[in-house]
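Report on the following structure.
The values are calculated or read from the model by the stated rules, or taken from the named source; none is laboratory data. This one's a predicted model, so the numbers in the text were calculated from it and none came from an experiment. Because the Cβ atoms are built from the backbone with ideal geometry, glycine has one as well, and the counts that use them run over all protein chains shown.
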Amino acid sequence: MITLYVLAFIIASLLYRRRHRHIDMRTVRRLELERYMGRWYEIARYDRPFERRLRNIEARYTLRADGNVEMERAGIDIRTGHRHTSCRHARRTQRSGRLRVKNFIFLHTDYCILELDDQYQWALVGSTAPLHLQILSRQPRIRRDTLRHIVGLAERRGYPLDRLRLLRAPQ
């Protein structure tokens, strides 16, 4: 049964990607991975079925001794009030701003840092398939003008803004 879901997801991703080839998915040219590590708050995202009911999502990235990254995400289910946590591992790739995330035994996705504040205070993150987009911040809330700037960057890259869901109110 899981195989059918995975297969359906892959087919949907390929069809969606084919229709949205105009999206600029180039990653940042220079990333200091050590500075990127730590806690991030999800400000906005494209909803994915398994995350629709989650709010107050925080991500913590930790650089492991082997050079790979541990990615822990936690959020509150708005229907039950329970905290849900997931942990994945990612490895560096040869491209700056891109990590290869292991989701399941055979399924990997790319974590692409598309835009990044010079001080590492916010990030625009996507993947090689335009089904994923997130705005992350080091603080639980972000300034309204900063959010507008980041949304503008996403729009200039060709991401449809109608799918972007604001999760935390700006300051």
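What residue, of GLY81, GLY75, GLY67, is within 18 Å of LEU167 (Cα to Cα), in a loop (DSSP other than H, G, I, E, B) and modelled with pLDDT of 90 or more? Steps first, answer last, please.
Working: GLY75 fails: in a loop (DSSP other than H, G, I, E, B); GLY67 fails: within 18 Å of LEU167 (Cα to Cα).
Of the residues listed, the single one that is within 18 Å of LEU167 (Cα to Cα), in a loop (DSSP other than H, G, I, E, B) and modelled with pLDDT of 90 or more is GLY81.
Of all residues in the range 128-171, count the ones that are polar (S, T, N, Q) and over 17 Å from TYR61 (Cα atoms). Steps first, answer last, please.
Step one: list which residues in the range 128-171 are polar (S, T, N, Q), which gives 128, 134, 137, 139, 146, 171.
Now restrict to residues that are over 17 Å from TYR61 (Cα atoms): 128, 146, 171.
Total meeting the criteria: 3.
Consider ASP47 against the criteria (1) modelled with pLDDT of 90 or more; (2) surrounded by fewer than 14 Cβ atoms within 10 Å (Cβ to Cβ): it satisfies all of them except one. Which criterion is unmet?
Unmet condition: (1).
Quick one: what pairs do we get from the range 34-51, first residue aromatic (Phe, Trp, Tyr), second part of a strand (DSSP E or B) and surrounded by 13 or more Cβ atoms within 10 Å (Cβ to Cβ), C-beta under 6 Å, 6+ apart or different chains?
Filtered contacts from the range 34-51: TRP40/ALA59; TRP40/LEU136; TYR41/GLU58; TYR41/SER137; TYR46/LEU133.
Identify all residues within the range 84-104 that are touching a residue at least 24 places away in the same chain (Cβ under 8 Å) and outside any strand (DSSP E or B); write none if there are none.
Correct list: ARG95, SER96, GLY97, PHE104.
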